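Trainee: Would you mind keeping the following structure in view while I ask a few things?
Every read-out reported here was derived from the displayed coordinates using simple, explicitly stated rules and does not represent laboratory data. In this text, all values refer to a predicted model and were calculated from it rather than measured experimentally. Counting neighbours? That spans all protein chains shown, and the Cβs are built from the backbone with ideal geometry, glycine included.
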Amino acid sequence: AQSVSQHNHHVILSEAASLELGCNYSYGGTVNLFWYVQYPGQHLQLLLKYFSGDPLVKGIKGFEAEFIKSKFSFNLRKPSVQWSDTAEYFCAVNSNNAGNMLTFGGGTRLMVKP
Amino acid sequence: GAGVSQSPSNKVTEKGKDVELRCDPISGHTALYWYRQSLGQGLEFLIYFQGNSAPDKSGLPSDRFSAERTGGSVSTLTIQRTQQEDSAVYLCASSFGTSTLVLTEAFFGQGTRLTVV
């Protein structure tokens, strides 16, 4: 069974600091990778996704993620965070060989101090 | 509708009662997921439907939980004899794809906040 690990459960940063959230997955086949964000009081929404092609993916609000197949990783990055980035971030993976099943990591709570 | 719709948005029930939570996926989406999000916890997978295939029920925490998807569209999650530990936000998501090909990301509903008192 596939699994997704997010190493940082809680991250606190000051505004303008750089962000990197780790995500590793277990499945070795063809995968599709996602980062979702949940702002306080809101529903989950897609931040960015990787299906194929350029392993460096750009998303909304200045976020990007890099798919490194050899490391089974899909880390999320942002060069300069803002207070409005305070949210919970979830990495997710599904694979074309696992019946399209979507598996989520445990989430990372990011707090950005103004 | 334009997005995934869940009802009710909030449900308070007494311990021991049965509850039904409803999910209307995006029209045409073949995959439907149920997750549970408890306070301070991540997303716990419950059940997954893909087209006409048998659902993946491996995440259901006990036999008090069941779900069905009628006509490949609307889904109902039923919790029998609710317990206080069932209190959580129940999230539904849908996506477009087949059992072997992912075509879109999953789109989430607003969730149903279940409180068992």
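Trainee: So for segment A:1-54, what are the equivalent ellipsoid semi-axes in whole Å, largest first, each being the square root of 5 times an eigenvalue of the Cα gyration tensor?
Mentor: Ellipsoid half-lengths, sorted descending, are 23, 15, 13 Å.
Trainee: For a quick check: sort A:Thr86, B:Thr82 by the number of other beta carbons within 10 angstrom, fewest at the front.
Mentor: Listing A:Thr86, B:Thr82 from fewest to most nearby Cβ atoms yields A:Thr86, B:Thr82.
Trainee: Among all the aspartates and glutamates, which ones have a C-alpha under 15 Å from B:Lys57's C-alpha, if same-chain residues fewer than 8 places away are not counted?
Mentor: B:Glu44, B:Glu68
Trainee: Find the eigenvalues of the gyration tensor of the Cα atoms of the protein assembly as shown, then list the square roots of 5 times those eigenvalues as equivalent ellipsoid semi-axes, largest first, in whole angstrom. Could you put the intermediate results ahead of the total?
Mentor: On the way: eigenvalues 169, 96, 44 Å².
Semi-axis lengths for the protein assembly as shown are 29, 22, 15 Å.
Trainee: Can you list the HN-Hα couplings for segment A:34-43, worked out from phi with the Karplus curve (6.51, -1.76, 1.60; θ = phi - 60°), rounded to whole Hz and with x for Gly and Pro?
Mentor: Going residue by residue, I get 9, 10, 10, 10, 10, 6, x, x, 10, 8 Hz, with x marking Gly and Pro.
Trainee: Quick one: grab Rg to one decimal and Dmax as a whole number for segment B:16-61, Cα atoms only, in Å.
Mentor: Considering segment B:16-61 through its Cα atoms, Rg and Dmax are 12.4, 36 Å.
Trainee: Another question about this same structure. For Cα pairs less than 8 Å apart in space and 6+ apart in sequence, what is the mean separation divided by the residue count of segment A:15-89, i.e. the relative contact order in percent?
Mentor: So the answer I get is 42 percent.
Trainee: I'd like the distance separating the alpha-carbon centroids of segment A:19-33 and segment A:38-80, in whole Å.
Mentor: 10 Å
Trainee: Please report B:Ile47, B:Ile79 as a ranked list, fewest other C-beta atoms within 10 angstrom at the top and most at the bottom.
Mentor: Ordered from fewest to most neighbouring Cβ atoms within 10 Å, B:Ile47, B:Ile79 come out as B:Ile47, B:Ile79.
Trainee: Kirkwood Rh and Cα-based Rg: tell me the resulting Rg over Rh for chain B, rounded to two decimals.
Mentor: 0.96
Trainee: Below 8 Å, C-alpha to C-alpha, sequence gap of six or more: please give me the relative contact order for chain B in percent.
Mentor: It comes to 37 percent, rounded to a whole number.
Trainee: OK, next. Just in segment A:1-106: which trypsin sites (Lys or Arg not before Pro) are loop by DSSP and have at most 13 other Cβ atoms within 10 Å?
Mentor: Numbers: sites: A:Lys49, A:Lys58, A:Lys61, A:Lys69, A:Lys71, A:Arg77; in loops: none.
In loop regions of segment A:1-106 (DSSP not H, G, I, E or B), there are no sparsely surrounded trypsin sites (Lys or Arg not before Pro).
Trainee: On each of the three principal axes of the Cα atoms of chain A, give max minus min coordinate, whole Å, ordered largest first.
Mentor: 44, 27, 21
Trainee: Per q in 0.28 1/Å, what log10 I(q)/I(0) does a Debye calculation on the alpha-carbon atoms of segment B:36-77 return?
Mentor: Those come out to -1.05, one per q.
Trainee: Right, next: List the residues whose amide H sits under 5 Å from the amide H of A:Thr86, counting only those 5 or more places along or on another chain, with H placed 1.01 Å from N in the peptide plane.
Mentor: A:Val112
Trainee: Can you sort A:Leu13, B:Leu46 from fewest to most other Cβ atoms within 10 Å of each residue's own Cβ? Before the final figure, lay out the partial values.
Mentor: Numbers: A:Leu13 18, B:Leu46 21.
Result, fewest neighbours first: A:Leu13, B:Leu46.
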